[in-house]
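S.K.: What follows is a single structure, and I will ask about it in a moment.
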Amino acid sequence: MRPLVILISGAGSNMQAIVRAAETGRWHERYRAAVARVISNRPDARGLAWAAEQGMPTAVVDHRAFPSREAFDAALAQTIDEVDPAGRALVILAGFMRILTPGFVQRYEGRIVNIHPSLLPAFPGLHTHQRAIEAGCRFGGATVHRVTAELDHGEYLEQAVVPILPGDTPDTLAARVLTQEHLIYPRAIERLLAAG
Ligand code: GRF
């Protein structure tokens, strides 16, 4: 079975979309893939409670308990590798709000993916919706990409575009983009699984 390891920090709505897609699309049978662990760096992440309610295996690696990024990433890698003896897990960042060290990214190179709420290469980093509105963009969106050592770079696997409407605030735009994230993230993952 190919392990899917989902990393979250917050609400986990992308994680929920992926879990639902895995169920309805029978990823278990079709790709021999299953969620092996949901890991949060925040003990109070809403998504963690949801995952636990579903009976999914969860873990917390609280970044505040570690003296450095390297120490946190080492603990995170150990928590992933525990459920991935063969080193084949797909590592799925779903609203995971920590910058990862190059060493961590290299360890999972080629099998670690992220979703970013902008049309990359525009607006890497934080506050994407506010920046897109302030820049006068007519369109915003989201990008699923492979993760490389450089923040919000790496091969684009899927993108979705939404209009930016007069009167939009960062919150209204974020909500519009999020509905599309829930479509493109499961689709991108399914394509990767199908490719083997
Ligand atoms: C999403 O907009 C994602 O693109 C961004 O953080 C948000 C997380 O939402 N990185 P959720 O936790 O998946 O609900």
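The values are calculated or read from the model by the stated rules, or taken from the named source; none is laboratory data. This is a predicted model, so every value here is computed, not measured. Glycine also receives a Cβ, built like all others from the backbone with ideal geometry; neighbour counts cover every protein chain displayed. All accessible areas refer to the heavy atoms of the entire protein, side chains included, with ligands and DNA or RNA removed. Shrake-Rupley method; radii C 1.70, N 1.55, O 1.52, S 1.80 Å.
S.K.: For the stretch 2-195, just say rounded, prolate or oblate: build the C-alpha gyration tensor, square-root its eigenvalues into a ≥ b ≥ c, call rounded for a/c under 1.5, and beyond that prolate if a/b exceeds b/c, oblate if not.
M.R.: The shape class here is prolate.
S.K.: If I build a Gaussian network model for the chain, linking alpha-carbon pairs within less than 10 angstrom, which residue out of 125, 110, 95 has the largest mean-square fluctuation?
M.R.: Top of the fluctuation ranking is 125.
S.K.: Using only the Cα atoms of the stretch 1-85, build the gyration tensor, take square roots of its eigenvalues as a ≥ b ≥ c, and label the shape rounded, prolate or oblate: rounded if a/c is under 1.5, else prolate if a/b is larger than b/c, else oblate. Kindly include the intermediate steps, with their values, before the conclusion.
M.R.: Values: a/c = 2.78, a/b = 1.52, b/c = 1.83.
Judged from the Cα gyration tensor, the stretch 1-85 comes out oblate (a/c at least 1.5, b/c at or above a/b).
S.K.: Going by average Cβ neighbours within 10 Å, how do the peptides 134-146, 3-15 rank, with the highest at the top?
M.R.: Numbers: 134-146: 18.0, 3-15: 23.1.
Ranking the peptides 134-146, 3-15 by packing returns 3-15, 134-146.
S.K.: While we're here: Per-residue counts of other Cβ atoms within 10 Å, averaged by peptide: what ranking do you get for 97-105, 59-67, highest first? Working shown, then result.
M.R.: Details: 97-105: 16.8, 59-67: 13.8.
By packing density, highest mean first, the sequence is 97-105, 59-67.
S.K.: Between the stretch 156-188 and the stretch 48-109, what is the C-alpha centre distance in whole Å?
M.R.: 25 Å
S.K.: Give me a comma-separated list of calculated 3J(HN,Hα) values for the stretch 7-17, in order, Karplus coefficients 6.51, -1.76, 1.60 applied at θ = phi - 60°, integers in Hz, x for any Gly or Pro.
M.R.: For the stretch 7-17, the Karplus curve yields 10, 10, 10, x, 5, x, 5, 5, 4, 4, 5 Hz.
S.K.: Then there is this: Label residue 20 and residue 88 with points 7 Å out from Cα along Cα→Cβ: what is the distance between them in nm?
M.R.: Inter-label distance under the simple model: 2.9 nm.
S.K.: Please report the net charge: other residues with Cβ closer than 12 Å to the Cβ of residue 145, K and R +1, D and E -1.
M.R.: Working: positive: 146; negative: 150, 152, 155, 158.
Residues close to residue 145 contribute a combined charge of -3.
S.K.: Got a sec to turn the phi values of the stretch 31-48 into Karplus ³J(HN,Hα) couplings, 6.51 cos²θ - 1.76 cosθ + 1.60 with θ = phi - 60°, whole Hz, x for Gly and Pro?
M.R.: Result, ordered by residue: 10, 6, 10, 8, 5, 9, 6, 10, 10, 10, 8, 10, x, 9, 4, 4, x, 5 Hz.
S.K.: Enumerate the amide H contacts of residue 33 below 5 Å, restricted to partners 5 or more residues apart or on another chain; note that Pro and chain-start residues carry no placed amide H.
M.R.: The list, which skips near neighbours in sequence, is 2, 28.
S.K.: Moving on to the next point. How far is helix 69-81 tilted off the main Cα axis of the chain, in degrees rounded to 10, range 0 to 90?
M.R.: Relative to the chain, helix 69-81 is tipped by roughly 60 degrees.
S.K.: Now, a different point. Could you tell me the center-to-center distance, by alpha carbons, between the stretch 116-136 and the stretch 1-47 in angstrom?
M.R.: Cα centres, the stretch 116-136 to the stretch 1-47: 26 Å.
S.K.: Taking all protein chains as present, what is the carbon and sulfur share of the accessible area of the chain, in % to the nearest whole number, probe 1.4 Å?
M.R.: Details: 5130 of 9540 Å².
Here carbon and sulfur together make up 54 percent of the probe-accessible area.
S.K.: Just for the chain, what percent of DSSP beta bridges are antiparallel, to the closest 5? Don't jump to the answer; show the numbers that get you there.
M.R.: Working: 11 of 28 bridges.
Taking every DSSP beta bridge with both residues in the chain, the antiparallel ones total about 40 percent.
S.K.: Among 148, 79, what's the order by accessible area (1.4 angstrom probe), most exposed first? Numbers along the way, then the final one.
M.R.: Details: 148 45, 79 20 Å².
Greatest to least solvent exposure: 148, 79.
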